[in-house]
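Okay, so here's the structure we're looking at.
Read-outs: derived from the displayed coordinates by stated rules, not from any lab. Everything numeric in this text was worked out from a predicted model, so none of it was measured. Note that each Cβ is placed from the backbone with ideal geometry, even for glycine, and that neighbours are counted across all protein chains shown.
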Amino acid sequence: MRFSALQFLCVVSASLALLACGSGESNVIQGNRDGILHFGNGTEPQGLDPHVVTGIPESHIVRALFEGLTVKNPYTLESEPGVAQSWEVSADGLTVTFHLNRAARWSNGDPMTADDYVWSWQRALSPAMGNQYAYMLYPVVNAEAFATGKLDDFTAVGVKALDAHTLQVQLNAPTPYFIQLMDHDSTFAVHRATIEKFGKATDRFTPWTRVENIVGNGPFQLTDWQLNRRIVVEKSDTYWDRDKVQLNGIVFYPTENISSEERMFRVGQLHYTQTVPLDKIPVYRAMQDSPYVNVPYLGTYYYLLNTTKPPLHDVRVRQALAMAVDRERLINTVMHGSTVPAYSITPPGTLGYQPPTLFGYDVARARALLAEAGYPDGKGWPGLELTYNTSESHLKIAVALQQMWKDALNIDVTLGNQEWKVYLDSVHQMNFDMARRGWIGDYVDPNNFLDLFLCGGGNNNTGFCDPHYDEMIQRQAPQATSREERYAILYAAETLMMQQMPILPIYTYTSNHLINPSVHGMPANLMDYVNFRYVSLQKDEKDSE
Amino acid sequence: MNTPALAAIAQAEQGTSLWQDAWLRLRRNRLAVCGLAVLVCFILIALLTPWIAPYGYAQQNLELGAAPPSAAHWLGTDIFGRDLLTQIMFGGRISLAVGFIATAVALLIGVTWGAIAGYAGGRVDAVMMRLVDILYALPFMIFIVLLMVVFGRNMLLLFLAIGAVEWLTMARIMRAQVQALRQQEFVEAAISLGLSPAAIIRRHLIPNALGPIIVYTTLTIPSVMLLEAFLSFLGLGVQPPQTSWGLLISYGAETLEEYPWLLLYPGLALTLTLFSLNFLGDGLRDALDVRGARD
Amino acid sequence: MWRFIGSRLLQAIPVLLVVITVTFFLVRIAPGGPFSSEKAVIPEVKAALEAQYRLNLPLWQQYTAYLGDLSRGDLGPSFKYPGRSVNELIAAGFPVTAELGIYALLVALGIGGLAGVIAALRPNTAQDYIPMSAAMIGICMPSFLLGPLLILVFGVYLEWLPVSGWGDIPGDKILPSITLGAAYAAYIARLSRAGMLEVMSQDYIRTARAKGLPEWQVVLRHALRGGMIPIVAFLGPALAGLLSGSFVVETIFQIPGLGRFYVQAAFNRDYTMILGTTVFLSALIVSFNLLSDILAAWMNPRLRAQFGER
């Protein structure tokens, strides 16, 4: 048997060697020559309807196939012209007028009009659509009322087509980040005739996004979609700015398993990976011309503290737990320095905003606070469970913190992992003592993080409620006349919240990617934002190995 | 009448001598004795672990991190700087317990179920085996999630969940064996001697079907240990800082290029257990095989 | 024989019905719905979504409606992938998984069966120990370990084979088939060795030997049939396991198969998808178990008499 196994192996390896000779060229080499980007995209997209999808993998593809009124510059994240050639905001900040580019076309050749936007926004806001990101349009007058079914007449919503190429939007209050939101899937225009060919405007099930049906307006067009295998787009010849598009196409891979993704990158099947396995980071970082990219990301990783249940109803216990965590040490060891310690909810440097730092790693103070709360050296500690969703990275952090609390405060914290949907239920029903949570910003503004903690907010989940805080976030900040004044109010509100410590911030996210050196125009930025219009591939000098 | 039939009658007359004979024969099989010795050794270590482990199982040293084997840590440390030898010793307690208990549960249910179905035949067989089909078909993942939500997490549940899955194949194999054996002469002889069905199943059918059952059992133990890791990862079963061999292996597999020792040593522990079990199992099979022994 | 098959097919109907019913209600009891997501869903949105999927009806009405659709062969729309029907997703994934499963089975039977028979011919010699030790190592190597190991050696270090994909790059089907087949090969090797040993000591083999037949004829003509009975009983569930359990291999190798849909559906609480894949797989399980029972009967001359074939 040993013999036949050996023979078998010989035959197999010989045939493999032959095969390997036949196809020695990797995706990357081929792609560089043909201008095709091979993009690791995380998971199979749920769909491609901009008003239905919610995830990051979907948004990458949707942004290749569609374009918003504005897009973002990947280097500065400032808004720049998309379908709208220009726009102006009225002096009171309440009216925004977009001037559509006359060259903007749908991929079937139809011109893009302001009416397309009115119709599309009605679709995006229709309650029957079930669009989970409808709230992106809530700054618009009456949009919220329409989306929640309190208003049936869409003409009362503050969006109007003044003429074929002028769109006017009325806002509830000055919204400095509104222009940015025009780059979100939920505010994109979709092609009315195509959608209506396959059913009602608000049907979620129609096949209008299939390869043979879809009509978009972005720099690329869908040419192939094989479930769980790949999605292929190629450069659109109807796109208004097609001369600037340097890629001939993109192949999106649903790279669900991050270890597999890393191996695909290593053998040249991918130009870009969605993430990097934690323990591979030191290896890649040590490389010359390292393909490893690591930059702060607009998101915070934290633990929710249930302020309605003992022992965490006592602010001193919450503070003690927060101070006993040595974030620097955690990040430098277990996380290989891949993230940034966080001491508040808002990521530092969100459009120039710096959050307050009210505490640091301080075991003595933590012990004192815990003693004051009635648990000197952990005596009488009732126990506490930390809930997190099943994942190896959450587990690693939890295990390290569990020991830090034990060492510093002599208290036991048990770990309980839950399957994702069970965990979501626990979090939203506040059925936990302490629970892992991450929040990724939808747009670059501190408000996106601070409005989480309004009284009874759907994503508050801590029991924290302070009318004064709500007043500052909802009334005072929007009325501010300058960015400085607004930030000062937000800073005061954040300070108020963090004194109560309803959350235990751990780190600011970073985006981690492996990017082949031949890829240009994909700069690291706070939003992990890729604008494929800017991306180009450098042809290999030696072309093949 | 031929030899097995005679042997069957002899067995029926003095059932205990079979096991005494088997034990004598087993002792002569060197490999089987080795296997048994290793297993006993592992079990002893597992029992004594709290007193003989070199470190505390939760004791971390973040600055040290994952370090290869050294004088201080014979088998190296994991990413938290915890001693791997200690982890393997503590993990063995869980894995061995799960492996043996859950397999015993599966064995008990599966063998009984399969034997009854195979012996009874007809409608009883049909109903019993269709029930097995139904259990095969139900989505396991949902079942696990529900178990966890309804009962919380505890080890008893883990045994239950694993036993519930593993007995199915056991029952099918047993049934196929019994069906094949039922119409052989020695069974017919036993029936004509007026033995009750229970006695026939216990004394004749089960011993004679033992070969594949023992083999399948020895195969089930390691797969049960790995299944435990999967369930623990999903949240049912052991929670950190407790660990098991299956968990150690699955984490080790993630970093097999960077920290190969994290995979190698727990893997060795599992492989060694499996080898011992198999040698013991083969020895048992040979020792219990009435016909083979007379060759 | 035909009566036997006919009655088993009839029995399949209540089996499937029970599976559907139990699954239907099990998934509804499980916490978390298909629409719960990390960012809290606004109640109005949730209501609209539920209405689109009939979730606003009373549970028993949903159940009867589902059975109605099912009787027309319609497994409903997927919750996770709006715009895709469950039928379509299964049709996309199943051929890939089936192909993978068949290759894996060939690997398993080829290597495992051969190893087991060879080992059983000379028990307790090197000819026995070497293949059996290989089999045991195979059992200790779960696919989440063997897969990456093979990829690293043949894909990354040697660069002989692709590290992922299915039918995209020549040769990309080899490693997944071996990975999935290996675990089963190990089982089959052990079971066939045991089965063969059992048979080789039976009277009819002795009779055959006594008749002076050469050993290889004894093995091929007489022993093999009986010795494979435990394997055949194992094969029914194993085949189903190959199809539903290929999840790990499909994930590691990025293969667009049904296994990924099946497992993810449970995590996503994609009700229709869970039910659809379960119904589909249970139909397969029932047929494979039937097939393996028929095979077992055919291989066992004594049982064959039951079917009145002779």
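At a glance:
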quantity	calculated
On Cα atoms only, tilt of B:122-137 relative to the major axis of chain B in degrees	10
For segment A:436-545, the Rg and Dmax computed from alpha carbons only, in angstrom	20.2, 66
Amide H within-cut-off set for A:Thr166, under 5 Å, with H built and near neighbours excluded	A:Leu100, A:Ala114
Dimensionless Rg/Rh of the protein assembly as shown - Kirkwood Rh, Rg from C-alpha atoms	1.00
Other protein chain Cβ atoms within 10 Å, averaged over every residue that makes up B:65-71	1
Ratio Rg/Rh, restricted to segment C:57-199 and using Cα atoms, in which Rh is the Kirkwood radius	1.18
Under 19 Å from C:Lys39, Cα to Cα: lysines that are on another chain or at least 8 residues apart	A:Lys421, C:Lys80
Antiparallel DSSP beta bridges within the protein assembly as shown, as percent of all bridges there, nearest 5	80
Extreme residue, positive dipole direction of segment C:48-177, given options C:Ala126, C:Pro77, C:Gln62 (C-beta unit charges)	C:Gln62
With eigenvalues of the C-alpha gyration tensor scaled by 5 and rooted, segment B:161-266, Å	43, 14, 9
Computed log₁₀ I(q)/I(0) - Debye formula, equal Cα scatterers, no solvent, segment A:129-213, q 0.14 Å⁻¹	-0.59
Segment A:426-509, relative contact order [Cα under 8 Å, separation at least 6], %	22
Mean projection area, nm², convex hull over Cα of segment C:148-192	3.4
Residue mean of other protein chain beta carbons inside 10 Å, A:122-135	4
Viscosity 1.002 mPa s, temperature 20 °C, Stokes-Einstein D of segment A:199-245 from Kirkwood C-alpha radius, µm²/s	176
Charge-dipole axis of chain A as Lys and Arg at +1 and Asp and Glu at -1 on Cβ define it, positive-most pick from A:Tyr509, A:Leu496, A:Thr70	A:Tyr509
Kirkwood hydrodynamic radius of segment A:328-454, from inverse mean 1/r over distinct Cα pairs, in Å	16.7
Fraction of the pair-distance distribution of chain C above 32 Å, Cα-Cα pairs, percent	43
Residue-wise HN-Hα coupling along segment C:16-29, computed from phi with Karplus coefficients 6.51, -1.76, 1.60 (Hz; x: Gly, Pro)	5, 4, 5, 4, 4, 4, 4, 4, 3, 7, 4, 5, 6, 6
Under the Karplus curve 6.51 cos²θ - 1.76 cosθ + 1.60, θ = phi - 60°, whole-Hz ³J(HN,Hα) for segment A:316-327, x wherever Gly or Pro sits	5, 5, 4, 5, 4, 4, 5, 6, 7, 8, 8, 5
Neighbouring partner chain Cβ atoms per residue of B:204-214, average, 10 Å criterion	3
Kirkwood hydrodynamic radius (C-alpha pairs) into Stokes-Einstein, segment A:280-387, 20 °C and 1.002 mPa s, D in µm²/s	131
Selected from A:Ser126, B:Gln239, A:Asn448, residue furthest toward positive end of dipole (the protein assembly as shown; charges at beta carbon)	B:Gln239
Built amide H within the under 5 Å cut-off of A:Leu386, gap 5+	A:Thr414, A:Leu415, A:Gly416
Descending principal axes extents, segment B:85-144, alpha-carbon based, whole Å	54, 28, 10
Segment A:417-539 - charge dipole about Cα centre, Lys and Arg +1 at Cβ, Asp and Glu -1, debye rounded to 20	560
Chain A - mean residue ellipticity at 222 nm from DSSP helices (-39,500 (n - 2.57) per run, n ≥ 4, rounded to 500)	-8500 deg cm²/dmol
Residue-by-residue Karplus 3J(HN,Hα) for segment A:281-292, coefficients 6.51, -1.76, 1.60, Hz, glycine and proline x	4, x, 5, 6, 5, 6, 6, 6, 6, 4, x, 7
All-pairs Cα distance distribution in chain A, expressed in whole percent, bin size 10 Å	3, 16, 25, 24, 19, 9, 4, 1, 0
Equivalent-ellipsoid semi-axes of chain B, from the Cα gyration tensor, Å, largest first	42, 24, 13
Counting all C-alpha pairs of segment B:20-83, share separated by more than 13 Å (%)	72
Hydrodynamic radius (Kirkwood) for segment C:159-310, which is based on Cα pairs only, to one decimal in Å	18.3
Rounded to 10°, Cα long-axis angle of helix C:174-200 versus longest principal axis of chain C	40
Square roots of five times the Cα gyration tensor eigenvalues for segment C:1-122, Å	40, 22, 14
Other-chain or far-sequence residues with amide H under 5 Å of A:Phe205's (modelled H)	none
Long-range Cα-Cα pairs in segment A:151-270 (distance over 26 Å), rounded percent	43
